[in-house]
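Single-structure report; data block below.
The values are calculated or read from the model by the stated rules, or taken from the named source; none is laboratory data. None of these values were measured; they are calculated from a predicted model. Glycine gets a Cβ as well: all are built from the backbone with ideal geometry, and neighbour counts include every protein chain shown.
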Amino acid sequence: MRRRSGLHFGREKKKINVPIIREVFIWIVECIIVLVIAFVLVYFVGLRTSVVGQSMAPTLENKQEILINRFLYLVTDPKPNDIVVFLPNGNEKSHYYVKRVIAVPGDTIQIIDGEIYVNDELFEEEGEFPPVLDAELAAEPITLGQDEYFVLGDNRNNSEDSRYANIGNVKKDYMIGKAWFIVSPYENLGFIK
């Protein structure tokens, strides 16, 4: 038998390395899963915004950075004392407003002698806030519609909120979500109460 020497131009059958292909496929799937989880977390519970002004002092201060939970109000409705983030009258060109929910759909609200009454009962505050010096629209009883919420700033006498016609009652559709965590400045890092 003679041995062939020199170049060989015939096709050799390539061997497929199945374990490496399986490993690459698993790696790609894991990367996709991590990206989807990251997107969901950022989109629903990690939207970040800044507090503008002193209307929520002392709870939130001007220029604090907060996270918004956008998922919560897809499955539940805002409750009294929730701190919500919304666009006034749905105005997409406005900055986000941050206020506390006082009354929910179907409630009747009125401010009498600086005190807030919801359904003819004194509103139970989660915190101590100053009496309301200017009731504006809420001097007369306001009954909220099916999709309306009455909101106030915690700094009641330095807040543009539902008492004023340019804000009025806030529709749930205009709510971005619930303010839930302070991320900056770092000395205030923590959950919002």
The residue that is surrounded by the fewest Cβ atoms within 10 Å (Cβ to Cβ), considering only those in segment 160-184 that are in contact (Cβ under 8 Å) with a residue 40 or more places away in the chain and over 22 Å from TYR43 (Cα atoms), is ASN166
ILE116 meets each of (1) surrounded by fewer than 21 Cβ atoms within 10 Å (Cβ to Cβ); (2) over 23 Å from SER50 (Cα atoms) with one exception, condition (1)
Within segment 29-74, of all residues that are β-branched (Val, Ile, Thr), in a helix (DSSP H, G or I) and closer than 24 Å to TYR97 by Cβ, the one farthest from the chain's Cα centre (by Cα) is VAL42
(Q) Against the condition out of contact with any strand residue (DSSP E or B) (no Cβ under 6 Å at 6 or more places or on another chain) and under 13 Å from LYS172 (Cα atoms), how does GLY90 come out, does it pass? (A) yes
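Being hydroxyl-bearing (Ser, Thr, Tyr) and surrounded by 15 or more Cβ atoms within 10 Å (Cβ to Cβ) is the filter here; which residues of segment 35-56 pass it?
Pass one, segment 35-56, residues hydroxyl-bearing (Ser, Thr, Tyr): 43, 49-50, 55.
THR49, SER55, listed by residue number.
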Worksheet item: Going by the conditions given, is ALA138 small (Gly, Ala, Ser), out of contact with any Asp or Glu (no Cβ under 7 Å at 6 or more places or on another chain) and not in a loop (DSSP other than H, G, I, E, B)?
Response: yes
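How about segment 71-110: which of its residues are basic (Lys, Arg) and surrounded by fewer than 18 Cβ atoms within 10 Å (Cβ to Cβ)? Lay out the reasoning, then the answer.
As a first pass, look at segment 71-110 and keep what is basic (Lys, Arg): 79, 93, 99-100.
Hits for segment 71-110 are LYS79, LYS93.
If I ask for residues that are more than 22 Å from VAL104 (Cα to Cα) and outside any strand (DSSP E or B), which ones from segment 151-193 would you list? Write out each step before concluding.
Of the residues in segment 151-193, the ones more than 22 Å from VAL104 (Cα to Cα) are 158, 181-191.
Selection gives ASN158, PRO185, TYR186, GLU187, ASN188, LEU189.
Can you name the residue in segment 138-159 that is in contact (Cβ under 8 Å) with a residue 40 or more places away in the chain and of a type in the set (Asp, Glu) and, of all such residues, is surrounded by the most Cβ atoms within 10 Å (Cβ to Cβ)? Walk me through how you get there before you give the answer.
Initially, segment 138-159 is screened for residues in contact (Cβ under 8 Å) with a residue 40 or more places away in the chain, giving 144-155, 158-159.
Applying the additional criterion that residues be of a type in the set (Asp, Glu) yields 147-148, 154.
Working: ASP147: 13, GLU148: 19, ASP154: 23.
Here the answer is ASP154.
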(request) With the condition kept exactly as written, say whether any residue in segment 94-102 is at pLDDT 95 or above and either farther than 23 Å from LEU144 by Cα or over 17 Å from the mean Cα position of the chain (by Cα) (or both). (result) yes
